[in-house]
Structures are given as structure tokens and as C-alpha cells.
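Below is one structure; the comments refer to it alone.
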Protein chains: 2
Amino acid sequence: MLIHLDFQSDIPIYLQLKMQIIEGIATGKLKPGESLPSVRQFAEDLGINLHTVNKTYNLLKQDGFILVHRQKGVVVNPDEGPKVTEEYLTQLHTELRPMIIEAFCRGMSKEEFNKICSQIFLELKEKGEG
Amino acid sequence: MLIHLDFQSDIPIYLQLKMQIIEGIATGKLKPGESLPSVRQFAEDLGINLHTVNKTYNLLKQDGFILVHRQKGVVVNPDEGPKVTEEYLTQLHTELRPMIIEAFCRGMSKEEFNKICSQIFLELKEKGEG
DNA sequence: ATAACTGTTATATTTATAATATAACAGTTA
DNA sequence: TAACTGTTATATTATAAATATAACAGTTAT
């Protein structure tokens, strides 16, 4: 699993890492049941602190993307991953709203907006198949 | 212009204020050419610091949503507001990507995702007409 | 059993950002 | 002259991110 962290970004490292792991799962680079490095090994590989990786793992565990076995270590959820819950929909709506408000204000139509979203969806699908 | 700030939110106040002003412009509650309170007056009304309002105004000015005349004070851009620039599209894409990755990972189809976006668009349109 | 590993927890420190507090400057307006 | 405008500067407080060390409890392989 190849990770690239931007230390100059205003996005916290633990969130960058979380996103890229989710992307790995989404595109199939990380298969269900596949192991992830230990917090110490991953931290060393990425040149960051153990606690930063641990923070990321805790978030992913909380969302149901990964499981933490006392024996097997950290593993991509081998069963069904997290689904579209009510809680998630609320969060998604909260995050989308301000973005759409600005898009609307700039004169972007919902068709244009949806086109951009669809394109990102297709890119993910292609990565998953390719 | 009615503003509600959530001091418990993890979203910074200056961003909450920025979003709500843009929403006001989007929904027509703030008309082109309309005046906004001075930094001091607005800060007093909202119970926050002068500099927090100033930070918001500077961001809105930078994006072209408002103008700052030495005489007239702060005014909603009376001409055409900011449009869909290349820079904006890049930013939008960067913000949308992680959200769509998670949606995709949770098994949400692009049709479902677009439906949610469309609904938010329609809500804004209704507010603007109503 | 000893050693090396696992996630987890605790504590402390450094760094960066958000927000506030005062103060002042230059220009405008009544 | 007095009261306002945005702007700038400086300092302080509060919070979150990231790091540094250390330890604990359980597992695994030698």
C-alpha cells in the first residue's frame, strides 16, 4: 500500500492517511481481510509518529473499515464494510451543503456539479477494475 | 442578515460566518450592492472579535463575493460575483474526491450521490424564489 | 521462559492555528 | 472636532495536531 503524505498540506496527516486507506479499499488495492502494518511499522515507514497512525486506525475502526484483532493485528474488514447509515447521510449532507452553496453562488448548475461527481465515481470504478 | 454561530462546532467561526454570508448571497437574502455591517458592528452583534469578522471579510473579498470601498464600507459585489474558474474547479475536485471515495466505499451509487446533491440544489433554488 | 512483537494507555512537550484583547494609523463623514 | 471606516501590528490565551518516551497486557516464535 503506497501512501503519499503532504506535510505542507493544511489537512492533518492522520486524515490524509485515513483517506488514502479508504481509497485503497475503495479501489480494491486493499482486499477484505488483508493485513495493514502495525502502528509502529507504519509510522516508521511513513516517517511519522506511532500515535498519528494509531489515531487513524481508531477512526477507521470506529467507522468499521478495519478490525483490530488481538492476534492478527490490523485487518481490512473481511465481511461487509460500513454501509450508508443514517448517521453517515447526515454527515455527508453537512459536508456537501456548504460546497454546493458556493457552487450555486458561482452559477454552477446541478447538472454540471453532478457531472463532476460522476466523473470522480467513474475514475474510482476504473481503478477498481484495472 | 441573520447569522447563527455554533461555538461548539469544530468548524472555525470565521468559516461558519463565511459560509452563511455566501448562503445569503446564494439564496438572495443578500442582494448585489447591499451593505454588510462594519467589522466592529458585526463583531459586536455576533459576540465575537473584530479580527474574526475581518478574516471572514478578507476571504470573501479575495474570492470576489464582496467589495470593500473606502467610502461605502463592505458591500455585496454589485456586478457579477465570482464565477467557475479553473482554480475553483481544482479546489472543488480536491474537496469532493475524499467524500466520494468514502461514499463509493460504503456502496453508494453515483445516482444516489447525485440525488442528494440535486436535492440540496433544489432547496437553495426554492429559498431563492420563496 | 526469554525476546520480540501486538494494540493500548498515559504523560509531557512542541508546534500551529483560532480567537481574543488593545492599540494605533489613515482616510471618511457628519 | 468627533465618530466612524478598514487595516495593521503586537501580544496573549485556548485548542488541536504531532511528536517523544514510557509503560502495560497479551501474543508469538525461538
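The values are calculated or read from the model by the stated rules, or taken from the named source; none is laboratory data. Because the structure is predicted, anything quoted here is derived from the model rather than measured. All Cβ positions, glycine included, derive from the backbone under ideal geometry; neighbour counts span all protein chains shown. The area values use the complete protein model at the heavy-atom level, side chains included, leaving out ligands, DNA and RNA. Shrake-Rupley method; radii C 1.70, N 1.55, O 1.52, S 1.80 Å.
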Distances in nm from B:Arg40 to the matching label points in the other copies, shortest first (labels 7 Å along Cα to Cβ) = 6.0
Taking only the alpha-carbon positions of the protein assembly as shown as identical scatterers, the Debye log10 I(q)/I(0) at q = 0.16 Å⁻¹ comes out as -1.22
Which aspartates and glutamates, on any chain, are close to A:Lys125 with Cα under 17 Å apart, when same-chain ones fewer than 8 places away are left out?
-> A:Glu23, B:Glu102, B:Glu111, B:Glu112
Reachable lysines, given that their alpha-carbon falls under 17 Å from the alpha-carbon of B:Lys61 and they are not under 8 places away in the same chain = B:Lys18, B:Lys31, B:Lys72, B:Lys83
Separation between Cα centres of segment A:79-100 and segment B:1-78, rounded to whole Å | 28
For chain A, what is the mean residue ellipticity at 222 nm derived from helices alone (per DSSP H run of n ≥ 4: -39500 (n - 2.57); sum divided by total residues; nearest 500 deg cm²/dmol)?
-> -19500 deg cm²/dmol
Take segment A:37-93, compute every pairwise Cα distance, and split them into 10 Å bins from 0; I just need the percent in each bin.
-> 22, 43, 26, 9
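Could you list the square roots of 5 times each eigenvalue of the Cα gyration tensor of segment A:86-129, that is, the equivalent ellipsoid semi-axes, sorted largest first and rounded to whole Å? If you can, show how the numbers build up before the last one.
Working: eigenvalues 93, 61, 8 Å².
The three semi-axes for segment A:86-129 are 22, 17, 6 Å.
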Considering the rotational relationship between chains A and B, which residue of chain A contributes the beta-carbon of minimal distance to the axis, and what is that distance to the nearest Å?
-> A:Asn114, 2
Among residues other than A:Glu80 whose Cβ falls under 15 Å from its Cβ, what is the net charge (Lys/Arg +1, Asp/Glu -1)?
-> +1
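Given a 1.4 Å probe, how much area per residue of chain B is accessible, in Å²?
Details: 7550 Å² over 130 residues.
Heavy-atom accessible area per residue stands at 58 Å².
Between chains B and A, what is the buried accessible area summed over both chains (1.4 Å probe, protein heavy atoms, nearest 100 Å²)? Please list the in-between numbers first.
Values: alone 9860 and 9850 Å², together 15080 Å².
Using a 1.4 Å probe on protein heavy atoms, the buried area is about 4600 Å².
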Interchain or sequence-distant (5+) residues whose placed amide H lies within less than 5 Å of the amide H of B:Ile66 are B:Lys61, B:Asn77
Along Cα-to-Cβ, 7 Å out, sits the label point; list in nm, shortest first, how far the one on A:Met1 is from those in the other copies.
-> 4.4
Given a Förster radius of 51 Å and the C-beta distance between A:Glu87 and B:Arg40 as r, what FRET efficiency does 1/(1 + (r/R0)^6) yield to the nearest 0.05?
-> 0.80
Projected convex hull area of chain B, Cα atoms, direction-averaged, in nm², equals 9.6
